[in-house]
1. Determine ³J(HN,Hα), in whole Hz, for all residues of region 562-578 in sequence, where each value follows from phi through the Karplus function 6.51 cos²θ - 1.76 cosθ + 1.60 and θ = phi - 60°; x replaces Gly and Pro.
2. If you project the alpha carbons of region 320-461 onto the principal axes, what extent comes out on each, in Å, largest first?
3. Residue by residue, what Karplus-based ³J(HN,Hα) values in Hz, rounded to whole numbers, does region 128-137 have, using 6.51, -1.76 and 1.60 with θ = phi - 60° and x for Gly and Pro?
4. Each label point is 7 Å from the Cα along the Cα-to-Cβ direction; what then is the distance between the points at ASN323 and GLU174, in nm?
5. For ARG297, ARG285, ARG181, write out the residues from largest to smallest accessible area, computed with a 1.4 angstrom probe and no ligands counted.
6. Which stretch or stretches of region 223-254 have amide N atoms under 11 Å from the point lying 7 Å from HIS210's Cα along the Cα→Cβ direction?
7. At what distance in nm do the modelled label points of LYS393 and ASP273 sit from each other, each positioned 7 Å from its Cα along Cα→Cβ?
8. Between GLU384 and ARG250, what's the calculated FRET efficiency when r is the beta-carbon distance and R0 is 45 Å? Round to 0.05.
Amino acid sequence: MVDFPTAARRARHLFPATCVAAALLAAVAVPLGAGAQPAAVSTGTVKYDIDDVIIHPVHSLHGMVSSESALASDVGVEVLRKGGNAVDAAVATGFALAVTMPNSGNIGGGGFMILHDGKTGKDTAIDFREMAPAGASRNMYLDANGNVVQDKSLFTQAAIGVPGTVAGLTYALEHYGTMKRADLVAPAVRLANNGFPVGETLARLFVAEHDHLVKWDGTRHVFEHDGKLPVTGELLRNPDLGRSLALIGRDGAKAFYDGPIGAAIVKEAKAHDGLITAEDLKNYRVVERTPVRGSYRGYDIVSMPPPSSGGVHVVQILNILSNFPLKDWGPNSAKTIHAMAEAEKRAYADRSEYLGDPDFVKVPVKGLTSPAYAKELASQIDLEHATPSAQIKPGKPQPYESDQTTHFVVADSHGSVVSVTYTLNTNFGSGIVASGTGILLNNEMDDFSAKPGVPNAYGLVGGDANAVQPKKRPLSSMSPTIVLKDGKPWLVTGSPGGARIITTTLQVLVNTIDFGMNPAEAGSAVRVHHQWLPDELRIERGLSPDTVAILRSMGHKVVERQSMGDTQTIQILPTGFYGYADQRDPNGAARGY
Ligand code: GLY
C-alpha cells in the first residue's frame, strides 16, 4: 500500500475520495418530484483512526439507504429527504428493486423485514415469506419410484409459492410507515415505464438463465426483443409491471391478492398445471414475529426467527465463537477461519434437523441459541484439526421451550433502522411471468426438503421439520440483522447468497465487532463458508496461500469458488451514518443525505 506523506494523509482525512464521490452522486440523484431539496454535501470523517482506514464507507449526517441497485437506493434516500421514516424508505426501495433487479428484487416472491423503531425502542420481525399452496403435498416433487424429479421444484408452475412481498411491504407501511402508499410506489412505476439501463451483472444473469426464461410466453413478452434478452446498456422497460405497480399504489394488497393481478397469476397457474388458486391468494397472511436475540461481546444481536434459520444460526455461531479470542487471532487467520468453519458445521447440522416453519413444527430456538449449548459445542472443537462432517451429527439443544436474493438497509434520523432480505429464490425465480402482469414469480418451493437427505439448489439438506405441507412456509437462510449497543442501533446488515447468507452476515458482524473494521472493510474482506454438507471449506479468491496451506494441514477440504454474498451495511455512530454496498455487485450503492 502507498504510504501517504502526512499532509496528504490529512487531506484524505478531510475529504475521503469515496465520501466526496458519494456526496456528488447523491446530489445528482433524481428527486421524487418537484420541490425536493438538493443533497447536502457531507464531509464528516469516520470514527476510526483515519490513517488506518483501508476503504472508506459512504458518510452522511441525516439518513442512509444501501441496496444492490443505485437507482433503488436513490429512490429510498429521496423518501428520507422528503421526511419519510425508515419504513417509508424501505417500502419505496423494495418496490423500486422489483423493477431494477428483476432477478431477485420482486413483488412475486417473499421475504423478511427486521425493524427497530427509534420512537418506541421496539424491535420486530415481519414475515412475508411465501406459503405453500393448499394443494401442495409432501411427495409432490417425487416420481413413482420415490426419486426427486429434477427441476420440478425450480422451473415449473409447481415451484411457485404464494407470494408475500406485496402483503409484507404494505403491512409494514400501514403499521410503521407515515407516507401515502401511492407516493412510495410511484418511483417504481416510473422506472418500470421509462426503463433503466441494464447493468453488467443483470446482463450476465440473462445469459446464464436464458433457457429458463424463454420457455414461457409471458416472460418472453417482457424480456425478449428481436429474439434476444437484454444486454448491457440496453434500456429495459416493463410497462406491464408499471401497470401492476400502479394498481398496487392505488388499491394496495387487494390488487394483488383479490384483484386483477391475482386473477392473472391464477390464470397462468391453471394453464400450466400450477397449484395456486384464488383462495390461496386470499388466504395469504403476513405474520409479525418476535425477533431472535443474542448477545455477542457486549452487543445485542436482533435477527430473523423461523421460518428463517438465519437469526437462530447467526446467534448460535456467534455464541460458539464467543468462547474463542478471535481478536487475538486476527481477521482471516487460519485459527479464526478454522474456529468459524467448525462452529458453522455444527450449526448447519442442527439446521438440517430442527429448523422449519414454527407454525407447523416446534423449533427449539431457545436451546439452539443458548450460550450453554454453544459452550458444549465449542468444547467439541479441536483447535488443531478439522472434524470431518461425517462425524458431526445434529446436536441435542434443550428441547422445545414450553439463498438469488437481495438485501437492503435503511437508517433514518429518528433512530429507526430497517433490514430487509427478500427473494424469488434462484435468479428470476421460476422464470415465469404471469402473462400481462410483468411480474416474475418465485420458485421458493425448492427451499422445502423435497426428500430427506436430498440437497436443494443450495446443497442444503433437511428432514421432517422442513417437509412440504399445505400452507407451510419453506425454511429460509435469510438473515436481516440489527446490532444494538446500549439499546440503540449500531449496525444494520444482511446479504443474499442462499446457504451462504448466514455465514456472510456472520462475517460482517465478526469483522466489525471483533476486528473493528468499518462497514466497507467488513463488507469487502475475503469470505469463507462451511455448511456441514458438503464437507468443504469454501473460500473466495484472495485468501493467502499460506493460510490455505495451514487450513489444509488441519484437515479442511478447501475449495475456491465464486464470490459469496452481497452485503448492505450501515453503521450508526455519533458522527453520522456510514454505509457500504458490497462491490461484489457493482450496481449497488449506499446513498446518504
Ligand atoms: N431462497 C433462499 C432462502 O430463503 O434462504
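1. Karplus-based 3J(HN,Hα) across region 562-578 equals 4, 4, 10, x, 7, 6, 10, 9, 10, 10, 10, 10, x, 8, x, 9, 10 Hz.
2. 58, 46, 36
3. So the Karplus estimates, Gly and Pro as x, are 10, 5, 5, 10, 5, x, 4, x, 6, 8 Hz.
4. Result: 4.6 nm between the two label points.
5. Working: ARG297 100, ARG285 140, ARG181 65 Å².
My answer, sorted largest first, is ARG285, ARG297, ARG181.
6. What the label zone holds, given the 11 Å backbone N cut-off, is 228-230.
7. 3.9 nm
8. Working: r = 64 Å, r/R0 = 1.42.
E(calc), rounded to 0.05, equals 0.10.
The values are calculated or read from the model by the stated rules, or taken from the named source; none is laboratory data. Keep in mind that this is a model prediction, so the values were computed, not measured. Note that each Cβ is placed from the backbone with ideal geometry, even for glycine, and that neighbours are counted across all protein chains shown. Heads up: the accessible areas ignore ligands, DNA and RNA and are worked out on the full protein's heavy atoms, side chains in. Shrake-Rupley method; radii C 1.70, N 1.55, O 1.52, S 1.80 Å.
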